[in-house]
């Protein structure tokens, strides 16, 4: 948390030619980075649009995986996109290191949530080209959310191929970093034709 190395490196590589948005409910604002690197900090985290864990009231809730965050510090993926006015835009990289929220929010950023309507489905909401994420453990057995194989199946069904996987050995290998790239449907048609 509060480490901007990836974002600064990306800004330097692209000569500040893209918008970079960082979301974290912690106190990690770096105002000087906004003008220097075109990095905008937002003091909220990501929460799923469907209730899968204990609710803390209101329209939003703080999932059990973020016990130190209150309801005013979280937004759904759809709310975040709408707050930024980014509907219909291409998102080149979605980078997630959100301490287990990946297990609870992936339906939203893939457009698979039961609460998304045809007008706010992922395909029309944002075109996400690449997903970089660190998974943290696995969902609790009591979770109503899908299990780990379902997350990876959902990514593939939406056209994403894994291009990188690395265990984070500093914490016993329970966290794994993944990279997924969205490929043209022809790639998957070719793959399916070769396996039949």
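The values are calculated or read from the model by the stated rules, or taken from the named source; none is laboratory data. None of the values given here were measured: they were computed from a predicted structure. Every residue, glycine as well, gets a Cβ built from its backbone with ideal geometry; the counts of neighbours run over all protein chains shown.
Can you find a residue in region 83-100 that is modelled with pLDDT of 90 or more, part of a helix (DSSP H, G or I) and surrounded by fewer than 19 Cβ atoms within 10 Å (Cβ to Cβ)?
Yes; the residues of region 83-100 include at least one that is modelled with pLDDT of 90 or more, part of a helix (DSSP H, G or I) and surrounded by fewer than 19 Cβ atoms within 10 Å (Cβ to Cβ).
Name the residues in region 1-50 that are touching a strand residue (DSSP E or B) at 6+ places or on another chain (Cβ under 9 Å), touching a residue at least 24 places away in the same chain (Cβ under 8 Å), surrounded by 16 or more Cβ atoms within 10 Å (Cβ to Cβ) and closer than 21 Å to residue 103 by Cβ, would you?
Within region 1-50, 23, 25, 44, 45, 46, 47 qualify.
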